[in-house]
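The values are calculated or read from the model by the stated rules, or taken from the named source; none is laboratory data. These numbers were taken from a predicted model, which means no experiment stands behind them. Note: ideal-geometry Cβ built from the backbone for every residue, glycine included; neighbour counts use all protein chains shown.
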Amino acid sequence: MAERSLRRLRLVVAGLLGLALLALALPGIAGQYPQTTLEPKSQLAVWQNDLLNNIVFWCVIIFVLVEGALVVTVLRFRRRPGGPAPKPIHGNTQLEILWTIAPAIILALIAVPTVQTIFKAAALPKTSLQVEVIGHQWWWEFRYPKYGVITANELHIPAGTPVTFTLTSVDVIHSFWVPAFGGKRDVIPGRTNHMWFAADATGTFPGQCAEFCGTSHANMLFKVVSQPQAEFDAWVAEQKAPVAAPDSASLAARGLVIFQKGLCVACHMIDGVSYGVVGPNLTKVATRTTIASGIYPNDPEHLKAWIKNAPAEKPGSLMPNMNLSDADVEALVAFLETRR
């Protein structure tokens with residue numbers, strides 16, 4: 001019997017050592033996954049990560065104490081072969097007081113920092129860059145009222161500058177989530193929610209809709225490009241710069257005619273060309289690195305496949321099959337490639 005108890009103890013110790021090794025390895029593991037929340041890149045994300053660590057700390061203590069007491073009880077008070085049955089115990093005032101007070105203290109230790117974090121995260125900065133976020137099935141629209149810039153699926157922000165987001169939806173409930181910078185916030189039709197963060201690092205960080213919103217929910221991606229202020233200003237200037245009309249004899253000019261006479265004008269906006277509001281603004285579509293809400297690179301081959309039959313490339317896409325000839329698709333791609 002003693003040998004069996006020793007074997008169990010070894011298993012418990014081995015399990016605890018395994019958990020300790022996993023905890024030590026987590027930072028390295030987290031670095032392999034771009035959507036990790038374990039490497040915060042903004043003050044908001046740091047606050048949330050600190051809160052998580054605080055809660056996990058108390059949960060581990062509770063787990064160790066409860067499971068430890070359970071193991072001791074099972075081993076000490078178990079019925080042994082040939083021995084008497086354990087005597088039942090009914091009521092223990094001191095124990096009942098203890099297990100009433102202890103959870104109340106632990107809840108307070110969790111509740112106080114939680115409420116503090118909620119208030120800090122909800123306090124919008126006095127000065128910040130304003131960005132309007134509009135959720136669509138299944139893509140993201142970003143508007144910069146200060147600059148008059150509208151883009152889709154690629155959010156550019158200056159590093160170190162607080163950015164305040166107003167979030168709403170034109171159809172169903174979505175959720176705006178950038179794991180590295182904190183969040184998330186539900187994006188609800190008929191209601192405006194707010195959130196903010198200031199990026200502590202430069203680079204490109206993935207975002208994701210985090211609320212099931214239909215067939216292509218998993219494909220409702222976007223990216224946040226955090227860049228130095230000078231690079232952000234250059235991007236804004238690029239977005240605001242006028243685009244020259246294509247040469248009348250070029251393939252792009254033929255593509256412009258197809259765009260104007262086809263279904264494209266009903267859904268998409270291009271400054272000076274069309275005024276649709278259903279699909280993404282295409283005024284500067286050639287400056288974006290991806291199409292189809294971030295699931296394909298923005299290159300001629302993928303653009304051709306997307307224009308020809310978007311539902312075949314992205315399940316549930318609301319963009320209809322255009323039924324265009326290969327020559328018309330080539331011309332449209334040539335025109336869209338000039339939008340930079």
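Among the residues of region 82-98, is any surrounded by 11 or more Cβ atoms within 10 Å (Cβ to Cβ) and in a helix (DSSP H, G or I)?
Pass one, region 82-98, residues surrounded by 11 or more Cβ atoms within 10 Å (Cβ to Cβ): 86, 98.
Applying the additional criterion that residues be in a helix (DSSP H, G or I) yields 98.
Looking through region 82-98, at least one residue is surrounded by 11 or more Cβ atoms within 10 Å (Cβ to Cβ) and in a helix (DSSP H, G or I).
The set of residues from region 129-147 being more than 11 Å from Thr166 (Cβ to Cβ) and among the aliphatic types (A, V, I, L, M) comprises just one member, Leu129.
In a helix (DSSP H, G or I) and either modelled with pLDDT of 95 or more or on the phi > 0 side of the Ramachandran plot (or both): is that true of Ala252 in this structure? Criteria not met by Ala252.
Condition check ((1) among the charged types (D, E, K, R); (2) without any contact (Cβ under 8 Å) to a residue 60 or more places away in the chain) across all residues:
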{"position": "Glu39", "(1), (2)": "yes, no"}
{"position": "Asn49", "(1), (2)": "no, yes"}
{"position": "Gly68", "(1), (2)": "no, yes"}
{"position": "Lys87", "(1), (2)": "yes, yes"}
{"position": "Ile105", "(1), (2)": "no, yes"}
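Scanning region 205-231 for residues that are at pLDDT 95 or above and either over 22 Å from Tyr296 (Cα atoms) or surrounded by fewer than 15 Cβ atoms within 10 Å (Cβ to Cβ) (or both) returns Phe212, Gln227, Pro228, Gln229, Ala230, Glu231. Taking the criterion of being in contact (Cβ under 8 Å) with a residue 40 or more places away in the chain and within 12 Å of Val236 (Cβ to Cβ), the residues of region 133-149 that qualify are Tyr144, Tyr147, Gly148, Val149. Apart from one condition, Val163 fits all of (1) farther than 21 Å from Lys284 by Cβ; (2) at pLDDT 95 or above; (3) β-branched (Val, Ile, Thr); the exception is (1). Once region 265-277 is narrowed to residues that are without any contact (Cβ under 8 Å) to a residue 24 or more places away in the chain and of a type in the set (A, V, I, L, M, F, W, C), the residue that is nearest to Ala199 (Cα to Cα) is Val277.
Specify which of the listed residues (Ala245, Ala312) is part of a helix (DSSP H, G or I) and at pLDDT below 95. Only one candidate passes the filter, namely Ala312. If you go through region 78-98 and keep only what is closer than 20 Å to Arg7 by Cβ and at pLDDT below 80, you end up with Arg78, Arg79, Arg80. Do you know which residues across region 162-219 are under 20 Å from Thr117 (Cβ atoms), among the aromatic types (Phe, Trp, Tyr) and part of a strand (DSSP E or B)? The answer is Phe165, Phe176, Trp177, Trp196, Phe197.
Against the criterion of being crowded, with 21+ Cβ neighbours inside 10 Å and either part of a strand (DSSP E or B) or not assigned by TED's automatic domain parsing to the domain that holds Pro228 (or both), Thr151 qualifies. Pro280 passes every criterion in (1) within 20 Å of Pro206 (Cβ to Cβ); (2) in a helix (DSSP H, G or I) apart from (2).
Given the criteria closer than 20 Å to Asn153 by Cβ, touching a helix residue (DSSP H, G or I) at 6+ places or on another chain (Cβ under 9 Å) and part of a helix (DSSP H, G or I), does Glu238 qualify? Criteria met by Glu238.
Within region 99-143, the set of residues being surrounded by fewer than 18 Cβ atoms within 10 Å (Cβ to Cβ), aromatic (Phe, Trp, Tyr) and either at pLDDT 90 or above or under 21 Å from Ala286 (Cα atoms) (or both) comprises just one member, Phe119.
The residue that is surrounded by the fewest Cβ atoms within 10 Å (Cβ to Cβ), counting only those in region 245-269 that are within 36 Å of the chain's Cα centre (by Cα) and among the aliphatic types (A, V, I, L, M), is Ala266.
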